[in-house]
Amino acid sequence: MLKLFKFLKPYASSVLAIFCVLIVQAYCDLSLPTYTSDIVNVGIQQKGIDEKVPYVVSEEDFEHLMLFVPLKQQEWVRAAYEKGSGSSGLYAYDTNFSEESSLQRNVMELSRDVKEDEEKMEELAKLLGKPMLLCAGFDSDSEAASEMERQMKEQMEAQIKAENSKGEQLEDGMPDVSQLTVYEIFEMMEDSKREAVVSEITEQFSAMPETMAEQSGAVYIQNVYEKIGVDTNQIETHYIFRTGGKMLALAALGMFASIIVGLMASRVGAKIGRGLRKDVFRKVVGFSNGEFDKFSTASLITRSTNDIQQIQLLTVMILRMVLYAPILAAGGIFKVFRTNVDMSWIIALAVALIVMVVVALFAVVMPKFKVVQSMVDRLNLVSREILTGLQVIRAFSTEKYEEKRFDRANMDLTKTNLFVNRAMTFMMPFMMLIMNGIAVLIVWVGGHSINDGSMQVGDMMAFIQYTMQIIMSFLMICMISVMLPRAAVSADRVDEILTSSTLIHDPENPVHFGENGNGEVRFEQVSFRYPGAEEDVLYDISFTAESGKTTALIGSTGSGKSTLVNLIPRFYDVTEGRITIDGVDIRDISQKELRERLGYVPQKGVLFSGDIASNILYGNPEGSEEEMREAANIAQASEFIEEKQKGYQSPIAQGGTNVSGGQKQRLSIARAIAKHPDVYIFDDSFSALDYKTDVKLRNALKEKTAESTVLIVAQRISTILHAEQILVLDDGKIVGKGTHRELLKNCEEYYQIASSQLSEKELENDMKEVG
């Protein structure tokens, strides 16, 4: 996991920008349930009335409210309202709404100064909260209100009788208490007594849940508005459309943020993939043969493609989901505690169940994740071997065996993937069961809370949505965790290449070849051992390949000929001794400068996709057409090139599959000639040529390389007959050195090779000349 973040480090600024956009997206997603709750609670249940005090009220209802306001605050409350002449907009009312009394015709409007001052509005709501609750109760036809009114009338009658018995007659005689309203009774009370009664009544409402008090206040304001002709349906519609508009705007902003995050995450993922492929390619190009021996070609291909693709996909998922999940979960938990703390235990239960399911599943599948990539390597290796060796497979009729070998590798990978996928398929059903079970539990507990008046329907709906968002955030992390182990293995495999130490490296302070160098190659007591091997394959090799002369190497298979010439371009470094070119140790020169002096033709001709011209001028891109044609003529390739319809522009397929082995080898030789190097290295490069072509090529090459050093590895005596110096190798040692005729006389190993290839007559003639 740390390696994945290591790959993200260069893009820290982009990650930070994505994080900021994710916060915006989370804010939008977390705000929507709140507005849904508002539409249900306020827009539908409260007819869109979200104010805590009435903005307009009849003078009669206003005076009723004032009966229950403490005397000390009455003056401040009265100052907050002023007589109106007909409000406009949502709160427009009918000035002729009643003909009963002047009190009912007059309307009090909340002053603009108070409306615009939040502190004053809070203070006013606090003062009018209980009076509105009392008025709502008295105005309702509930049994509790009727019983309270009856008790107050009985108390009033008893008080009047007591006063009459003392001889305190009222001016108009005894009033008919039964005809009085509860408000008239309160008006008749002394101020101190009225406050005492109000205080006693409000104590009975102290245990009432806050949500019920809010709803009762909204019902009272709605009734007050309807009395004076305010269109409450218009208020409801306006509130729903206004809140719905906010939801649409938030949804659009959230969608835009999601698109931006997706775009930015994809760009970062693509850049990481591109950067890793570039870094891996550069690293692999700089590998010596020792590193290629350590990392198989199939494994390098898998690491450069499949593994980097896994990292790229996971990077996008991390930026889009892993970063978003904790933001959403934290925001959801914060919103839940603001909605209803009493049901927060349900969230803890849901998270605990999810964690249990995930831990159980990953305990089963985690070991399998670690072997999937190695099985992909194995499948690629088998596929590559079969495809590259298809002709041999057909020649030996081993198709059935190779099919079984491929099926075995394929089935191993398939079984492992099936096991992992089958195990992970249990996750989503379990998660959905948990989510639906939690939703039912919330409805069950929330239903009881709604029945008790401690919760509103909209709040329960919001709580369900917040809970689902929290659970979904954990689900997102769980989904990522499915990809994480495999991607972590991929990251380790890619990092293994990037951090591997290269055996061949340039010196810190490289020296340069002199301007008058002629390409003389000297081996001084060179020994070599392959990395990890126990024995040397070359022992104490010393010779000089002079400029203008040909040095040939011959020996039995496995004697070390190719290994020896591979030391010159530094495909490997010597274990002991040193190799110099023009007196300079090749380890003190940069690899680029060294290889610019060399023209190397490998055993197996390698061509690149393109055309013939691009392959010949591969080592000399700035070369002229004349140089290209000259190289083709020397390599005896011009004849078959000119026979083609497009000539030098004829296409070359990948790997040179559309030309023969001999043609491929001649084009490889032409490529080395066109470079005009100081040192030519031919590693058994003439073996695919017929004798006639071989002779023509060597004669033409002799003229071209008159001032260059030529080293030829050969299996055929005829190829090296005229070499100025022939080295005979056997088991990594030089057992003979000289010309062809000298070696026939002095070297038994060379004589055996010659006798196996030349006729007795040719041997006799050569021996006579020596004698």
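The values are calculated or read from the model by the stated rules, or taken from the named source; none is laboratory data. Just so it is clear, the model here is predicted, and its values are computed rather than measured. A quick note on method: Cβ atoms are made from the backbone with ideal geometry, for glycine too, and the neighbour counts reach across all protein chains shown. Surface areas here come from the heavy atoms of the whole protein model, side chains and all, with no ligands, DNA or RNA. Shrake-Rupley method; radii C 1.70, N 1.55, O 1.52, S 1.80 Å.
Taking amide H positions as modeled 1.01 Å from N, with prolines and chain starts lacking one, the residues under 5 Å from VAL710 and 5 or more places away or on another chain are GLY548, LYS549, THR551, TYR680.
Can you compute the helix-only [θ] at 222 nm over the chain? Use -39500 (n - 2.57) per DSSP H run of at least 4 residues, normalise by all residues, nearest 500 deg cm²/dmol.
For the chain, the value works out to -20000 deg cm²/dmol.
Here the 3J(HN,Hα) profile of the range 698-707, calculated from phi with Karplus coefficients 6.51, -1.76 and 1.60 at θ = phi - 60°, is 5, 5, 5, 5, 4, 5, 5, 9, 4, 10 Hz, Gly and Pro shown as x. Only protein heavy atoms count here; on that basis, with a 1.4 Å probe, ILE301 has an accessible area of about 80 Å². Among the protein heavy atoms of the chain, carbon and sulfur supply 53% of the accessible surface, probe 1.4 Å, non-protein parts ignored. Classify the range 607-695 as rounded, prolate or oblate, taking a ≥ b ≥ c as the square roots of the eigenvalues of its Cα gyration tensor: rounded when a/c is under 1.5, otherwise prolate if a/b is larger than b/c and oblate if not. Note, shape of the range 607-695 comes out rounded.
In debye to the nearest 20, how big a dipole does the range 567-683 give about its Cα centre with +1 on each Lys and Arg Cβ and -1 on each Asp and Glu Cβ?
So the magnitude is around 420 debye.
Each residue of the range 617-622 is assigned a 3J(HN,Hα), and the resulting list reads 8, 4, x, 9, x, 8 Hz, derived from the Karplus form 6.51 cos²θ - 1.76 cosθ + 1.60 (θ = phi - 60°), x at Gly and Pro. I need the Debye-formula profile for the range 487-529: one equal scatterer per C-alpha, no solvent, reported as log10 I(q)/I(0) at q = 0.15, 0.18, 0.28 1/Å, two decimals. Results for the range 487-529 at q = 0.15, 0.18, 0.28 Å⁻¹ read -0.72, -0.83, -1.05.
Taking a Cβ cut-off of under 13 Å around VAL316, the surrounding Lys, Arg, Asp and Glu residues balance to a net charge of +3, with basic ones at +1 and acidic ones at -1.
So what is the accessible area of the chain per residue, in Å², with the probe set to 1.4 Å?
Working: 40200 Å² over 771 residues.
Accessible area per residue, the chain: 52 Å².
Along the axis of the charge dipole computed for the chain (Cβ charges of +1 for Lys and Arg, -1 for Asp and Glu, origin at the Cα centre), the listed residues ILE497, GLY738, GLY254 are led at the positive end by GLY738. Each Lys and Arg adds +1 at its Cβ and each Asp and Glu adds -1 at its Cβ; summed about the Cα centre, the range 437-544 shows a dipole of about 860 debye. Amide H to amide H, with H built 1.01 Å from N, SER527 comes under 5 Å of ASP540, ILE541, THR575, GLU576, GLY577, counting only residues 5 or more places away or on other chains.
Evaluated with a Cβ-only charge set (Lys, Arg +1; Asp, Glu -1), the chain carries a dipole of roughly 4960 debye about its Cα centre, given to the nearest 20. Can you tell me which lysines have their Cα less than 18 Å from the Cα of LYS692? Leave out same-chain residues fewer than eight positions away. Straight-distance partners of LYS692: LYS664, LYS702.
Where (1) 136, 92, 66; (2) 172, 51, 50; (3) 82, 72, 50 are the candidate values, the label of the one calculated here for Cα extents along the principal axes in Å is (2).
With the contact rule set at Cα under 8 Å and sequence spacing of 6 or more, what percent relative contact order holds for the chain?
For the chain, the relative contact order is 13 percent.
Modelled this way, with points 7 Å down the Cα-to-C-beta line, the labels at GLU748 and ILE23 are 8.7 nm from one another. Given their separation in residues at 0.36 nm each and the Cα-Cα distance between them, VAL511 and ASN223 gain 93.8 nm when the chain is fully extended.
Decide, for the range 518-586, between rounded, prolate and oblate: order the square roots of the alpha carbon gyration tensor eigenvalues as a ≥ b ≥ c, take rounded if a/c falls under 1.5, and otherwise choose prolate if a/b is larger than b/c, else oblate. Judged from the Cα gyration tensor, the range 518-586 comes out oblate (a/c at least 1.5, b/c at or above a/b).
If PHE334, PHE528, PHE19 are ordered by their accessible area, calculated over protein heavy atoms with a 1.4 Å probe, which sequence runs from highest to lowest?
Order by accessible area, largest first: PHE334, PHE19, PHE528.
By the Cα gyration tensor, the range 559-607 has an equivalent ellipsoid whose semi-axes, rounded to whole angstrom, run 19, 15, 8 from largest to smallest.
Could you give me D for the range 662-771, from Stokes-Einstein at 4 °C and 1.567 mPa s, where the hydrodynamic radius is the Kirkwood radius over C-alpha pairs? Units µm² s⁻¹, please. For these conditions, the coefficient is 86 µm²/s.
Compared with the rule-of-thumb size 2.2 N^0.38 Å for a compact globular protein, the range 333-472 has a Cα radius of gyration ratio of 1.82.
Extension gain, SER755 to ASP412, is 118.2 nm, computed as 0.36 nm per intervening residue step minus the present C-alpha separation.
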